[in-house]
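Novice: Submitted below is the structure of interest, expressed as structure tokens.
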């Protein structure tokens, strides 16, 4: 067994936990959206805070759920090319893509988005809308989400190298979207 596999397993557990948070955020966003629409049409009552918490929830679920999506091998793929490759070739494509694209992009984006959050935190930035919310919580989701995605990328690389060496059985099943 690969000596780094426990690290990958720990990262996988963190991604799964964040995936569960994202699932609850879907429910929250839908509930708030429905309640806000009902109150607006039934009572002519609405709030900018409710509208903002909807998009905060949606943004957070995307950023926090991306790592779990990668773990489940559910990101959009170019399966036209991969379907004609052997499993070993697919593993090599995943390794090259992870090293050349996923890790550099996510780490750069986490690095660049940190000052955006930090500035909002220090200034106590609040939405310009009447009744608007603090902005730093949603801005924190940017570096956090990219860091979680980078960590999951490291986990996937560890597992792909273990697959190449035979220490882990390759399970690269990808379910194409129905559309």
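Novice: Mind counting the residues in the stretch 76-133 that are closer than 21 Å to residue 150 by Cβ and out of contact with any helix residue (DSSP H, G or I) (no Cβ under 6 Å at 6 or more places or on another chain)?
Specialist: So the count comes out to 16.
Novice: Name the pairs: first residue in the stretch 1-15 and under 11 Å from residue 151 (Cα atoms), second residue surrounded by fewer than 12 Cβ atoms within 10 Å (Cβ to Cβ) and modelled with pLDDT of 95 or more, Cβ to Cβ under 7 Å, at least 6 apart or on different chains?
Specialist: none
Novice: Right, next: Suppose we keep only residues that are in contact with a helix residue (DSSP H, G or I) (Cβ under 8 Å, 6 or more places away or on another chain) and closer than 19 Å to residue 62 by Cβ within the stretch 6-19. Which one would you say is surrounded by the fewest Cβ atoms within 10 Å (Cβ to Cβ)?
Specialist: So the residue we want is 16.
Novice: Next up: For the stretch 41-53, give me each residue that is crowded, with 18+ Cβ neighbours inside 10 Å and either under 11 Å from residue 129 (Cα atoms) or modelled with pLDDT of 90 or more (or both).
Specialist: Once the filter is applied, which keeps residues that are crowded, with 18+ Cβ neighbours inside 10 Å and either under 11 Å from residue 129 (Cα atoms) or modelled with pLDDT of 90 or more (or both), the stretch 41-53 yields 51, 52, 53.
Novice: Tell me, yes or no, whether the stretch 24-38 has at least one residue that is free of Cβ contacts under 8 Å to residues at least 24 places away in the same chain, farther than 30 Å from residue 163 by Cα and under 16 Å from the mean Cα position of the chain (by Cα).
Specialist: yes
Novice: Being at pLDDT 95 or above, closer than 27 Å to residue 57 by Cα and either surrounded by 14 or more Cβ atoms within 10 Å (Cβ to Cβ) or more than 20 Å from the chain's Cα centre (by Cα) (or both) is true for just one of 102, 178. Which residue is that?
Specialist: 102
Novice: In addition: Tell me which residues, restricted to the stretch 20-38, are within 19 Å of residue 152 (Cβ to Cβ) and crowded, with 17+ Cβ neighbours inside 10 Å.
Specialist: 22, 25 - these are the residues of the stretch 20-38 that are within 19 Å of residue 152 (Cβ to Cβ) and crowded, with 17+ Cβ neighbours inside 10 Å.
Novice: Now for a different question. Please determine whether any residue of the stretch 137-147 is part of a helix (DSSP H, G or I), under 19 Å from residue 11 (Cβ atoms) and free of Cβ contacts under 8 Å to residues at least 60 places away in the same chain.
Specialist: yes
The values are calculated or read from the model by the stated rules, or taken from the named source; none is laboratory data. Everything quoted here is computed from the prediction, not taken from an experiment. Backbone-built Cβ (ideal geometry, glycine too); neighbour counts: all protein chains shown.
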